[in-house]
Amino acid sequence: VHFPDVERVEWLNKVLVQAWPYFGTIMEKTFKEVLEPKIRAKNVHLKTCTFTKIHFGEKCPRINGIKTYTKEIGRRQVTLDLQICYIGDCEIHMDISKFNLGVKGVQLYGTLRVILEPLLTEAPFVGAVTLFFMQKPHLEINWAGMSNLLDVPGINVMSDSLIQDFIASRLVLPNRITVPLKKNMNIAHLRFPIPQGVIRVHLLEAENLVQKDSFLGAIRGKSDPYALLRIGTVQHRSKTVSRDLNPIWNETFEFVVHEVPGQDLEVDLYDEDPDKDDFMGSLLIGLVDVMNDRTVDEWFPLSKTTSGHLHLKLEWLSLVNDQEKLHEDKKGLSTAILIVYLDSAFNLPKNHFEYSNGECGAKKIKNNKYLKKMEREPSSFVLLTVGNKTQKSKTCNFSKDPMWGQAFTFFVHNAHSQSLHVEIKDKERDSALGTAVVCLSHLLKDPSMTLDQRFQLDHSSSDSFIKMKLVLRALNVEEPDPQRVKAGVNASKQGPVHVVEKGGNQQKFVSPPEVSKVPPVSKDSAALESLPKKDSTEVLDTKDSSAGPVPSETVAGPDEAEHKQNPEHRPPSVPHSGAAAVPTLPVVQELRLAPSVTSLGSLPSSCFELSSSNLDIHNGTEMPLGEIQLTVRYASIRQSLVVLVNGCRNLVTSSNRGVDPYVRIYLLPDRRWTSRKKTSVKKKTLNPQYDEKFEFFESLENVKKRTLDIAVKNSRPFISQERKELGKVQIDLSQEDLIKGFAQW
């Protein structure tokens, strides 16, 4: 499958193959000269550790594709997503005392994000490189030695998951590795950037879930569904609803989002069973559109299952430096997040007797071995607590001045009354080496709501400190931009939708409660997003595709506009008086902003039916709006309709600024946001070339009942009054030989 925005980099894989033996030699040297002494110094029992065989094998890692982001991010950085796959035949063996341990093969695959930032005007042109995995990478290790003890199923999984957790604690978001390339480069803000925002997920309900419970293998029972919601390494589980295929949860979960584009919301539904929970379907939602739309409230179809829809409401919360937004939420939801950058500690006591009981405590311990142990430097970790959530740092071994360098985030409900509790503990004896309490109200005294300082430790030595940076940010639900056309299906739900069924004459009329107030929208004009709406209830009722151009006098005033309405086009459920008074004045004022008479005339009539027998149809005006070249065929093996958008020619510009065209595709009647396909945007051209492929996974008989709705649109700024739609075409797939396929303008 070819993803148009992911590039294949065979040249880079060839370079890797050629350089792999040399990399192996360097790594062998590193293992012997650097890693071996470090392992020996860790513990008395590891003093005899020796690597007996180090061979990195013939197979090298492979990069399956690279996706590059330049438009969606800041000008001073470049972001790359590398799809890494390593199926290695490496062999590494080591002896410890009388035991032989080893690895004889590794499989690893995942998406590694590489950020080059900041870009500089002098060599080396990039200030630092930041690396991290978006999700936990998949890892499998073939163990050797110890009579293959580690191959025992339980222990094997445990050892693999321990290593995965080790990788996650250092390399999976929100953790990242930053390597400075320029001297004296301050990389603190690159290692720990402030998150992009918070997403609040309201898990409302589901319907028509598949039945998973069976009794004696025959009688189907009702399932007990629950949901797992996941972004990155953070996972939440909903409550279980007993014996219900249309469960109602009404639960709310909050996630911190670190990288957009990149991070996705994953939802998996399971049926809870005493033995093994059955999978009931899943959902993957990209967060870019949620961030742009601010609020998305809709039903999503579940994938990897035969039936079921999930109702979610998603809210994007921006992080703002504004204390007025910190009033307590009445529903008990979070109002802010606290970001803690845990840096280091200084002069930790060797043990808690140094400050708690003094000599008295030391006398009680008669065991000399224990005294020797106590004289060692502490191996310390930190417990950070806000409210009822506690997070634990990594452990720094044998140091009274440990350096942690980690970031943590906490949701805050009331910044005026809550506190951050910090406790430093010794791993060996599980005793406290010092504590600190920071009231979040101290952060409110600073205009930037930030504290970056050393905090004196209580219950510790008099000169023991911990260094932290605390940042408080309020959560703000921004109102969606009224000029922006929603990416979700909400746009098509705002007015009543007028559907003409092909089977007969009868018309189905779907509408929200306020039927009498709202004029109908014809099927063809439902996607007429080119009119920016001031009010979602004021929708212009356009004529059929066969109608000619609308004369320029349409904008003269509301009286003339009333006479232009087509009385026969009105459905019976709307009273005559209701339909006669449209369009209302605000819509006419919007029409006055149209750039030219020609483009205004083309608006309602640019929605036309296109079939293979009559491909040279124009849009009803004297001047055609251009052409689009499409290749359409049905791939039987993949059970999918493949649509290749080749390009457009002779598009009509809607402004003197030029147009930035892209193509939007629906497989009607499905206008859901999740099933919308969209090409990339081509800048300042009337003859764009795309060559981008899209697939709709449907059976052939289903596809034969559908219509392909393709619109060419202008990507314009939100506040712009330029026309968005440049032209539109609909292809009735029941008339086409899809197995053979067709390619035409």
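Observations on the model:
- Total formal charge among the other residues, if their Cβ is under 14 angstrom from that of M134, Lys/Arg +1 and Asp/Glu -1: +1
- Spin-label pair H236-S680: with each label point 7 Å from Cα along the Cα-Cβ axis, the two points sit 3.6 nm from one another.
- Percent accessible area from carbon and sulfur atoms, the stretch 627-744, protein chains only, probe 1.4 Å: 50 percent
- In sequence order, the stretch 190-198 has phi-based couplings of 7, 6, 10, x, 5, x, 6, x, 10 Hz under the Karplus curve 6.51 cos²θ - 1.76 cosθ + 1.60, θ = phi - 60°, and Gly or Pro positions carry x.
- Accessible area per residue in Å² at 1.4 Å probe, computed on the stretch 627-744: 44 Å²
- Per-residue ³J(HN,Hα) for the stretch 681-690, Karplus 6.51 cos²θ - 1.76 cosθ + 1.60, θ = phi - 60°, Hz, x for Gly and Pro: 8, 9, 7, 6, 8, 9, 10, x, 10, 10
- When Rg and the Kirkwood radius Rh are both evaluated on Cα atoms of the stretch 10-191, their ratio Rg/Rh stands at 1.01.
- Think of each Lys and Arg Cβ as +1 and each Asp and Glu Cβ as -1; about the Cα centre, that makes the dipole of the stretch 197-320 roughly 100 debye.
- Against the empirical curve 2.2 N^0.38 Å, the C-alpha radius of gyration of the stretch 627-744 lands at a ratio of 1.10.
- Ranked by how many other beta carbons lie within 10 Å on average, peptides 97-105, 190-198 from highest: 190-198, 97-105
- Accessible area per residue in Å² at 1.4 Å probe, computed on the stretch 10-191: 60 Å²
- Only Lys, Arg (+1) and Asp, Glu (-1) charged, at Cβ; the stretch 10-191 dipole about Cα centre in debye: 620 debye
- Calculated FRET value between I87 and F51, using beta carbons and R₀ = 22 Å, to 0.05: 0.45
- Rolling a 1.4 angstrom probe over the protein heavy atoms with all chains in place gives the stretch 197-320 an accessible area of 42 Å² per residue.
- Under the Karplus curve 6.51 cos²θ - 1.76 cosθ + 1.60, θ = phi - 60°, whole-Hz ³J(HN,Hα) for the stretch 633-642, x wherever Gly or Pro sits: 7, 9, 8, 5, 5, 8, 6, 8, 8, 9
- Label zone at N13 (point 7 Å along Cα-to-Cβ), backbone N below 17 Å, the stretch 104-119: 108-112
The values are calculated or read from the model by the stated rules, or taken from the named source; none is laboratory data. Owing to the predicted nature of the structure, the values given are computational and were not obtained by experimental measurement. Positions of Cβ are generated from backbone atoms using ideal geometry, with glycine treated the same way; all protein chains shown enter the neighbour counts. Accessible surface areas use protein heavy atoms only, side chains included; no ligands, DNA or RNA. Shrake-Rupley method; radii C 1.70, N 1.55, O 1.52, S 1.80 Å.
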